[in-house]
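Peer 1: One structure, pasted below without further comment.
The values are calculated or read from the model by the stated rules, or taken from the named source; none is laboratory data. What you see is a predicted model; the values in this text were computed from it and never measured. Cβ coordinates were reconstructed from backbone atoms using ideal geometry, including for glycine residues, and neighbour counts include every protein chain displayed.
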Amino acid sequence: MAGPGNIPPSASDTGYRSLIGPLLLPTWAVIGIFMVLPVLLMAVYSFLTKEFRGGVIWDFTLAAYDQFFVTRGLFGDEPAQIEWTYINIFWRSIWQAGLATILCLLIGFPTAWFIATRPAQTRGLWLFLITIPYWVNLLIRTVSLKFLIRDNGPLNESLMAIGLIDGPLPLVNTNLAVQLGLFYSYLPFMVLPIYAAVERYNFALSEAAADLYASRWATLREIVLPVVKPGIIAGCILVFVPSLGAFLAPDLLGGAKTFMIGSLIDEQFKGSQGDWPFGAAVAMILMTLVLIVLLLYARAQTRGATR
């Protein structure tokens, strides 16, 4: 006999469960064809040999990964040395993505808090204003930003007109321009998750802290941030990961000194002179780096939940 803690499933529940598998088949097919298969193809290509006229030769080798980490001179007959060129590009991409994440957090958190504390009937309008730039293609928005900050663009002309500067500021083809592009592109990805977390926040907790004579900073540090932490972490991931592999902002707003991982990968698949195995290897290294960060975060979350 089934007790109160061991209630047998009803016939309708059993029927629904039997339908879940067939209903999920299209989802699994889309994931397999458009997500898993391209990654597997990229992994296979990273172990192939470059064909002189473009494309690949089906001869498996580690040459692409060796090319990324090691250099043996122009003709390949010198002692192996660490190839700092690509490692520096990776490092530049990491700190650019990290700085963009920090800037988006500094601006996105108060913005999300402001929206979440507005009257319910006006929140939709504020969210609309945040997301409306995404109605326009990212390429067009990036080109528009370049037009805005170029030497004879509206920003420099306005600053010179009011006498703040004597000549145009050299903003294009700098790390600052790339940073502006990343910040402008991914700020909503920070605002929306934090807004969702703040909207669920119980503001009675802040009132209770004030009744106990806690300062605003103490309330923010000890009560608000721990509660909305999942939204902050989600926003940081959503900004950092695409910023790490971005190539439009570095290509259009930066120059040779602002080359990032996405640009490096993009260059390897252009024209007949591209190196497909090397581009695939760089993409796999990037994906591995991101997966390691996400797995460490997931492991930390699991440990925190079990304590």
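Peer 1: Pull out all pairs, ordered by first then second residue, where Cβ-Cβ is under 7 Å, the residues are six or more apart or on different chains, the first lies in region 238-250 and is modelled with pLDDT of 90 or more, and the second is surrounded by fewer than 18 Cβ atoms within 10 Å (Cβ to Cβ) and not acidic (Asp, Glu).
Peer 2: Pairs found: 240/98; 241/290; 244/94; 244/290.
Peer 1: Follow-up question, since we're still on this one. Quick one: would you say residue 176 is surrounded by fewer than 21 Cβ atoms within 10 Å (Cβ to Cβ) and within 30 Å of residue 91 (Cα to Cα)? Walk me through how you get there before you give the answer.
Peer 2: Values: surrounded by fewer than 21 Cβ atoms within 10 Å (Cβ to Cβ): yes; within 30 Å of residue 91 (Cα to Cα): yes.
Yes, satisfied.
Peer 1: Here is a further query. Give the residue that is farthest from residue 192 (Cα to Cα), with candidates limited to residues of region 116-152 that are among the polar types (S, T, N, Q) and in contact with a helix residue (DSSP H, G or I) (Cβ under 7 Å, 6 or more places away or on another chain).
Peer 2: 142
Peer 1: Among the residues of region 270-288, write down those that are at pLDDT 85 or above and surrounded by fewer than 17 Cβ atoms within 10 Å (Cβ to Cβ).
Peer 2: Taking region 270-288 first, the residues at pLDDT 85 or above are 275-288.
Across region 270-288, the qualifying residues are 287, 288.
Peer 1: Assuming residue 256 fulfils every condition listed in (1) more than 29 Å from residue 191 (Cα to Cα); (2) buried (at least 16 other Cβ atoms within 10 Å of the Cβ); (3) of a type in the set (A, V, I, L, M) apart from one, which condition is it?
Peer 2: Only one criterion in (1) more than 29 Å from residue 191 (Cα to Cα); (2) buried (at least 16 other Cβ atoms within 10 Å of the Cβ); (3) of a type in the set (A, V, I, L, M) is unmet by residue 256, namely (2).
Peer 1: Continuing with this model, one more query. Restricted to region 163-179, and to residues that are of a type in the set (S, T, N, Q) and in a helix (DSSP H, G or I), which residue is farthest from residue 99 (Cα to Cα)? Give the steps one after another, and end with the answer.
Peer 2: So in region 163-179, the residues of a type in the set (S, T, N, Q) come out as 173-175, 179.
Among the residues that remain, those that are also in a helix (DSSP H, G or I) are: 175, 179.
Values: 175: 11, 179: 8 Å.
In this case the residue turns out to be 175.
Peer 1: While we're here: Only one of these conditions is not met by residue 173: (1) without any contact (Cβ under 8 Å) to a residue 40 or more places away in the chain; (2) touching a helix residue (DSSP H, G or I) at 6+ places or on another chain (Cβ under 9 Å); (3) of a type outside the set (A, V, I, L, M, F, W, C); (4) on the phi > 0 side of the Ramachandran plot. Which number is it?
Peer 2: Result: residue 173 fails condition (1) only.
Peer 1: Being farther than 23 Å from residue 261 by Cα, among the acidic types (Asp, Glu) and at pLDDT 75 or above is the filter here; which residues of region 72-90 pass it?
Peer 2: Once the filter is applied, which keeps residues that are farther than 23 Å from residue 261 by Cα, among the acidic types (Asp, Glu) and at pLDDT 75 or above, region 72-90 yields only 78.
Peer 1: Okay, moving on. Please count how many residues of region 50-67 are surrounded by 14 or more Cβ atoms within 10 Å (Cβ to Cβ) and outside any loop (DSSP other than H, G, I, E, B).
Peer 2: Qualifying residue count for the region: 7.
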